[in-house]
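Notes follow once the structure below has been shown.
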Amino acid sequence: MAKIYKNVSLRLKKSLKEKIVLAYSGGLDTSVIISWLQEKYDAEVITLTLDLGQKEDFKEIAARSKATGAAKHYEIDVKEEFIKDYILPSIRANGMYEGKYPLATALGRPLIATKLVEVAEKEGATAVSHGCTGKGNDQVRIDVTVRALNPSLRVIAPVREWNMSRDQELVYAKKHNIMLKPSNSIFSIDQNLWGRAIESGPLEDPNTEPPASAFEWVTQPKDAPDTPGYIEIGFVDGVPRSLNGVQKDGLALIRQVNAFAGKHGVGIIDHIEDRLVGIKSREVYEAPAAVSIIEAHRDLEQLVLTRHELAFKAGVEREWSWLVYSGLWMDPLRSALDSFVDATQGRVTGSVRLKLYKGGMRVVGRTSPNSLYKVRQATYQKGSTFDQSSAVGFIELWGLQSRIAAKMASGGKRGRNAKHTARKSS
Ligand code: ARG
């Protein structure tokens, strides 16, 4: 009787344990977090690993989660969702933070947060957890999104609390028999389909050139092919849909451009970046597909949008990129900006040809049924339809205010005796 009672109460106790869903990469930090959460909160830890197109051994990650004592492991392939809801809008908005960083990690975080919330709700968990530090942008992106989606969930970020150095973490891992992925990388890496971020180690000196060992996606230019490579990207409504005339789905297209541009040495970015928390940091990225596709997309827009649309859109793009970088994916302003971007993309259909050669990339051709370029206007050959005589009246009015201002600034001298004054003062 006593034994039955004990068993029931044990089972009850187990099921009453707090459940925490942890975003699990399988690396040192998140592996240590599994044990730490169990120890500190006496919690049942459920791990969640997302496939965002990073090349990982997901089976091994699942095994490590189990071996470290997670109660349950989820692995969700979110590549399609990542492309459709995050990467494509970013292409249409030419998403680049500070004009350089194509936002790969920044785009992935709100999706990770969304899935954490989904799994937490399904499992009846009270908290979610992640391995972000207190110094970066990622904590902001995940925390803000989780709290916007489900304010009742607690967010636990152990790395922000525990103050362990890497060596102390290794000691902790050993003590708790945590199975670690063998790694001798001196860099901290985050990667997904849209790019690979490389931090720390020798890169912390902003004056040190990144060693070749930092790169995995992009060939060093000296080892790149000796003949230029060409690629033609076809867009429909601002979305890349074909390569060299062949229709591709988003995943195949991005993978192929990553491989092709990477092979030609294209896609390395070295950026002194302003983090949201105020720190300036040296960030190195490999993003061959992102830089090539956005370069092509921008060029096509230049062909089909008016100068007024382009000028206004540049400001929208900056704001959009800033919102995404700074963790405000959920802010209604982002969808408002998306609406503007959408309204411009209906004409962004056509194709753009890129030439890639030993680390260099440029657009060498573009065509669109919606092109505003009219050769009969632009030509210097005969047959031009542009009436040059109308330029005279245009210039008269275009410079009107500037002329008046210049005259006033010169105390009225300019214009009356211009020739004389100029000679005197020289
Ligand atoms: N600086 C980039 C960003 O804020 C990349 C961050 C990479 N994250 C990482 N955990 N290594 O989006």
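The values are calculated or read from the model by the stated rules, or taken from the named source; none is laboratory data. All values reported here derive from a predicted model rather than from experimental measurement. All Cβ positions, glycine included, derive from the backbone under ideal geometry; neighbour counts span all protein chains shown.
The table for this structure:
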{"read-out": "Long-range neighbours under 7 Å by Cβ, at least six apart or interchain, first residue within 14 Å of T105 (Cα to Cα) within the stretch 126-148, second away from the ligand (no atom under 14 Å from the Cβ) and among the basic types (K, R)", "value": "none"}
{"read-out": "Pairs where the first residue, in the stretch 168-197, is more than 30 Å from S292 (Cβ to Cβ) and the second is part of a helix (DSSP H, G or I) and within 16 Å of the ligand (Cβ to nearest atom), C-beta under 6 Å, 6+ apart", "value": "E169/L28; E169/V32; Y172/V32; A173/V32; I178/S31"}
{"read-out": "Residue in the stretch 248-256 that is surrounded by fewer than 18 Cβ atoms within 10 Å (Cβ to Cβ), in contact (Cβ under 8 Å) with a residue 60 or more places away in the chain, farther than 24 Å from R141 by Cα and within 16 Å of the ligand (Cβ to nearest atom) present", "value": "no"}
{"read-out": "Enumerated helices (runs of 4 or more DSSP H) restricted to the stretch 329-426, each holding at least 2 residues that are modelled with pLDDT of 95 or more", "value": "332-345, 390-398, 400-409"}
{"read-out": "All strands (runs of 3 or more DSSP E) inside the stretch 65-158 with 1 or more residues being more than 16 Å from the ligand (Cβ to nearest atom), acidic (D, E) and over 13 Å from V324 (Cα atoms)", "value": "72-77"}
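Okay, residues lined up against (1) touching a residue at least 60 places away in the same chain (Cβ under 8 Å); (2) touching an Asp or Glu at 6+ places or on another chain (Cβ under 9 Å); (3) of a type in the set (S, T, N, Q):
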site	(1), (2), (3)
P288	yes, no, no
S326	yes, no, yes
P332	no, no, no
M361	yes, yes, no
L372	yes, no, no
